[in-house]
Structure formats: C-alpha cells, structure tokens
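Just so it is clear, none of the values below were taken in a lab; they were calculated from the coordinates. Everything numeric in this text was worked out from a predicted model, so none of it was measured.
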Amino acid sequence: MAPTPTGTLRKLDTGFALELTRTIDGPREDVWASLTQSSRTALWFGPWERISDSAIRVTMTFEEGEPASTMSVDACEPPHHLAVRTTDEGTWPLDVRLSERGDVTDLVLVHRCATTEGLGEIGPGWEYYLDMLIASRTNAPLPSFGDYYPAQQEYYSSLHPQ
C-alpha cells in the first residue's frame, strides 16, 4: 500500500511554503542528532562534511549517482531549529523545527519555493526522506522511492495554498 501524502501549501509574500510534518518517537535531542550528526544523516539522507563555518557538503547516497550538494547553514539552534539552503544549481531554502510533547517529537519541515512548479516531484521526495528518517530511527526496512513517486505526483501538483 502506498503511503498517504501529508504536505500542505501556504502562500507567502515571497512565494510558497510546502510544509510536511511527522511525529517521531523519542526526545527532541535525539531527533536533533538524527538531523545534524553526519553518521546519523547517512542512514536516511546522506553523510555531510563541513566545508566552512557556515557551509556543508552533503552526499545524497539514496539518489542515483549519489550526487553531492553544497548547503549554506542559515540557522542552527539546538535542539529545535535548523535552516539550510542549497547553493548549487538553484536555491532550496529548508527549515526544520522540532518541538517535544511528552515522549514524542513533532518535526515540521518547510520547503520554501518561488512558484509551485515542480511540487509534483518535490513533495513526494520529502515524504520519502522523512519516512526514511523514521525508518532509520526504528531499524525498520527503508521505504522505496517507487512507493512515493509517481503515486503522489498528482496530489502535490494539484495543491492549492491554504
């Protein structure tokens, strides 16, 4: 059974915000480590290396050809807020916020974009990676991208701002 898409779209003064959420078992500090420690991001997204005080290079090991991408770190406020943006071939501003509720952590990922063009590919990609994050934390089998794309493409292509 294909995963159900969860993303919503908001209109901003500067474009749009695609927002996805997950509730993750575990304390916020441990979820933060899954987002910021290279050995742990390697399990669900890819490892990274620091190239300057405000930039990292991420190898996307779950993508064909394992491409590398440079990201600027715009905010790093442990253990609740991380903001990065890609600086190769266009800019993708990403913002992750964590809040703790008892034994779980709520994660909100926001991908800001100037237009809605490409949401049919972007949305399923983030659904896949967030589910990869959860699987990496629970030692569950990693999901297959084929379960997300193209199955969720129509949902994301037809999103309207709320």
Taking θ = phi - 60°, what integer Hz values does the Karplus form 6.51 cos²θ - 1.76 cosθ + 1.60 yield along region 40-50, in sequence order, with x for Gly and Pro? 8, 5, 4, 6, 9, 9, x, x, 9, 10, 7
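As an exercise, take the mean of 1/r over every pair of distinct alpha carbons in region 1-112, invert it, and state the Kirkwood radius in angstroms.
Numbers: mean 1/r = 0.0664 Å⁻¹.
Mean inverse Cα-Cα distance, inverted, gives 15.1 Å.
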So D53 and A2, fully extended at 0.36 nm per residue minus their Cα-Cα distance, gain in nm 14.3 nm
Whose amide H sits under 5 Å from the amide H of W44, counting only residues 5 or more places off or on another chain, with H placed in the peptide plane? none
Using θ = phi - 60° and the Karplus curve 6.51 cos²θ - 1.76 cosθ + 1.60, what whole-Hz ³J(HN,Hα) does each residue of region 27-33 get, with Gly and Pro shown as x? x, 4, 4, 6, 5, 4, 4
HN-Hα J couplings of region 137-144 from phi, Karplus 6.51/-1.76/1.60, θ = phi - 60°, integer Hz, Gly and Pro as x? 7, 10, 6, 7, x, 5, x, 9
Could you tell me the relative contact order of region 31-76? Use alpha-carbon pairs under 8 Å, at least six residues apart, and round to a whole percent. 25
Just how far, in whole angstrom, is region 111-162 from region 55-110 if you go by their alpha carbon centroids? 15
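Assuming 0.36 nm per residue, please report the length gained on full extension of the stretch H81 to T14 beyond their Cα-Cα distance. Can you show the working numbers first?
Working: separation 67, 0.36 × 67 = 24.12 nm, distance 2.10 nm.
The span from H81 to T14 would gain 22.0 nm if fully extended.
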In percent, what relative contact order does the chain have, based on Cα pairs under 8 Å that are 6 or more apart in sequence? 27
Classify region 75-162: rounded, prolate or oblate, from the alpha-carbon gyration tensor (a ≥ b ≥ c, eigenvalue square roots; a/c under 1.5 rounded; otherwise prolate if a/b is larger than b/c)? oblate
